[in-house]
Amino acid sequence: MEQGKIVKQMIDFHKTTFDNTFNAMSILQEQTERMVTMFLEQAPWVPEEGKKVINDWVEAYKKGRSEFKAAVDESYKKVEDFFAGPAAAKETKTKATK
């Protein structure tokens, strides 16, 4: 098997593993957010300022999570482009000589 194909399969495997793990973590975080929201709604002793701080924290966490995912996706794209570069150049050269 060609080295380029092996590298592509490895990258695809790692990206799929990351995506699955990230999705599982996101689901867990969303469930935890729902539990905290329900708790805050049923806890009259928590002041409104405290509820606002927790809600702001949750929103910041969501934003950070989406930015992290976007950065990782961009990095995987760069790696795929890097390794596809020599293969694409080789294919173009082969087609030109035919």
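Readers should treat all values here as calculations from the given coordinates under stated rules, not as data from a laboratory. Since we're looking at a predicted model, the values are computed, not measured. FYI the Cβ positions are ideal-geometry reconstructions off the backbone, even for glycines, and counts take in every protein chain you see.
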FRET E, pair S75, E48, Förster distance 41 Å, beta-carbon r, rounded to 0.05: 0.50
Output the Cα-based Rg and Dmax of the range 31-80 in Å, rounding Rg to one decimal and Dmax to a whole number. 16.0, 52
Taking Cα atoms, how many degrees apart are the long axis of helix 48-97 and the longest axis of the chain, rounded to 10 and kept between 0 and 90? 0 degrees
Can you tell me the mean projection area, over all orientations, of the convex hull of the range 3-97's alpha carbons? Units nm², please. 7.5 nm²
The range 1-59 - Rg and Dmax from Cα coordinates, angstrom: 20.2, 65
How far, in degrees from 0 to 90, does helix 3-42 lean away from the longest principal axis of the Cα atoms of the chain, to the nearest 10? 10 degrees
